[in-house]
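Q: Supplied in structure tokens, the structure appears directly below.
Every read-out reported here was derived from the displayed coordinates using simple, explicitly stated rules and does not represent laboratory data. Because the structure is a prediction, the values reported are computed rather than measured. A quick note on method: Cβ atoms are made from the backbone with ideal geometry, for glycine too, and the neighbour counts reach across all protein chains shown.
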Amino acid sequence: MPPSHYKNFAVAIYCRAYEVEQMRDLSYLTGNFEIMSRWIKINKVYLETHRDLLIPDEATITRAKHYLESQGVKVSGGITITVNERNRFETFCYTNPAHRQKLKDVVAYTARLFDELILDDFFFTNCKCESCIRAKGEKSWTQFRLDLLTEAAQELVIGPARAANPNVTLIIKYPNWYEHFQGLGFNLETGPALFDKLYTGTETRDPKGNQHFQPYHGYQIFRYFEALKPGGNAGGWVDPFGSLVLDRYAEQLWVTLFAKAPEVTLFDFRSLQRPIQASDRAAWQGSGAIHGGTSFDFDQMMAPVRQADGSWPADTTIVLAAGYAFEQADRCLGRLGAPVGVKSYKPVHSTGEDFLHNYLGMLGIPIDLVPDFPSEANTILLTESASHDPLLVERIQR
């Protein structure tokens, strides 16, 4: 990589359609991008073309794209398939003809503008409208949704994208709740084969938050998705939401990188504009008892921006924390080999003792979670989810 980039990974920033829309005034992009570029070495920016039925116009997207490319940054497209995210994450209905046509149009529009396209992690359905009930028939809701989203991937995403741009690279990003993907149609059996690449939601936020994830989860889920499509897991995705202190945000970046993610995407352009405040320092000082110590040094991080009176400029944002975490990780990542751990079998679509592997990881037992029975391993950890495989006993005996 060029000297201006990190040696062991790439960094991307994701811009939602709302912020892309604001780039009608190009100074909104240039000013904020300049601030972000002070503290992180940016390789790529994703410009979103659809979210909540908002579609930025082509002229705005093109101007933003040209500016970013002039800064030496690769630019890719992004799509979030929501009707209204604020309305309990309302997604498209894939038996609704109008929604199906809308998605085909958005995909074709995006593929025409970009050679790479990522679907944010809303390519699922929780719809139980009359149309879906009729289409479901005698199937279970899980099987109906798995089949429906596989068909939608082929007919509404991949087909239209290839027709508009035969060379487009298609990426599907999966969220961090892998224990229950199948219930809403995320198909880990068909999706990795259909799409060119995967992307992993490695955000764990604070364990006391609304998802209750252990920090090890961010590392482990990336490794599991890498096993789903070896060499095809394009990166890990982290946001600053639910991180009560800055070291919790940095830790999510670290565990993503230690999982050997080739790229980290920072979501999103708006949230990265959040200024670092004096209260952040107080919160960090009080976090030692919670986290048991950390290699995150607030004063060292702030040293480049601290002014004579001890304060720092108002435009010092949490991007500085990301840049600090990246610099620390980049010093040692090149010395590491491939991640290792105790092989543990979790078949796709399985359920069991939810996220137990993450708790074992937090106890210091390194876990290597895989979707196929690891017959070559000398030691295999099996939890309840492994019993989803009807041939499990036969595999053990063999």
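Q: Work out from phi, with θ = phi - 60° and the Karplus expression 6.51 cos²θ - 1.76 cosθ + 1.60, the ³J(HN,Hα) of each residue of segment 45-56, listed in order in whole Hz, and give x for Gly and Pro.
A: My calculation for segment 45-56 gives 10, 8, 9, 7, 9, 7, 6, 6, 6, 8, 10, x Hz in order.
Q: Would you mind giving the three semi-axes, in whole Å and largest first, of the ellipsoid equivalent to segment 254-398 according to its Cα gyration tensor?
A: Whole-Å semi-axes of the equivalent ellipsoid: 42, 16, 15.
Q: Still on this structure: Would you list, by chain and number, the lysines whose Cα falls below 26 Å from the Cα of Lys102, excluding same-chain residues fewer than 8 positions away?
A: Cα-Cα hits under 26 Å: Lys65, Lys128, Lys136, Lys173, Lys197.
Q: While we're looking at this one, here's another question. By how many nm would the segment from Asn87 to Ser27 lengthen if fully extended, with 0.36 nm per residue of separation less the alpha-carbon distance?
A: My answer for the length gained is 18.5 nm.
Q: Ranking Cys93, Cys15 by Cβ neighbours within 10 Å, fewest first, what do you get?
A: Fewest-to-most ranking of Cys93, Cys15: Cys93, Cys15.
Q: Further, regarding this structure: Semi-axes of the equivalent ellipsoid of segment 342-397: what are they in whole Å, largest first, if each equals the square root of 5 times a C-alpha gyration tensor eigenvalue?
A: For segment 342-397, the ellipsoid semi-axes come out as 18, 14, 8 Å.
Q: Could you tell me the distance between the Cα centroids of segment 328-398 and segment 137-195, to the nearest Å?
A: 24 Å
Q: Further, regarding this structure: If you restrict to DSSP beta bridges whose two residues both lie in the chain, what percentage is antiparallel, to the nearest 5?
A: 10 percent
Q: Still on this model: Could you please rank Arg205, Arg134, placing first whichever residue has the fewest other Cβ atoms within 10 Å of its Cβ?
A: Arg134, Arg205
Q: Give the order of Asp115, Asp247 when sorted by the count of other beta carbons within 10 angstrom, beginning with the fewest.
A: Asp115, Asp247
Q: I'd like the isolated cysteines in the chain, meaning no second cysteine's beta-carbon lies under 4.7 angstrom from theirs.
A: For the chain, the answer is Cys15, Cys129, Cys132, Cys332, because their Cβ atoms have no other cysteine Cβ under 4.7 Å.
Q: If contacts are Cα pairs under 8 angstrom and at least 6 residues apart, what is the relative contact order of the chain in percent?
A: Once divided by the residue count of the chain, the mean separation gives 15 percent.
Q: Among the lysines, select those whose C-alpha is under 24 Å from the C-alpha of Lys208, and discard any that sit fewer than 8 residues away in the same chain.
A: Here the lysines satisfying the reach criterion relative to Lys208 do not exist.
Q: Could I ask something else about it? Let me spell out the model: positive unit charges on the Cβ of Lys and Arg, negative unit charges on the Cβ of Asp and Glu, origin at the Cα centre of segment 342-397. What dipole size does that give, in debye rounded to 20? Write out the running numbers ahead of the final one.
A: Working: 3 positive and 8 negative charges, 18 e Å.
Charge dipole of segment 342-397: 80 debye, to the nearest 20.
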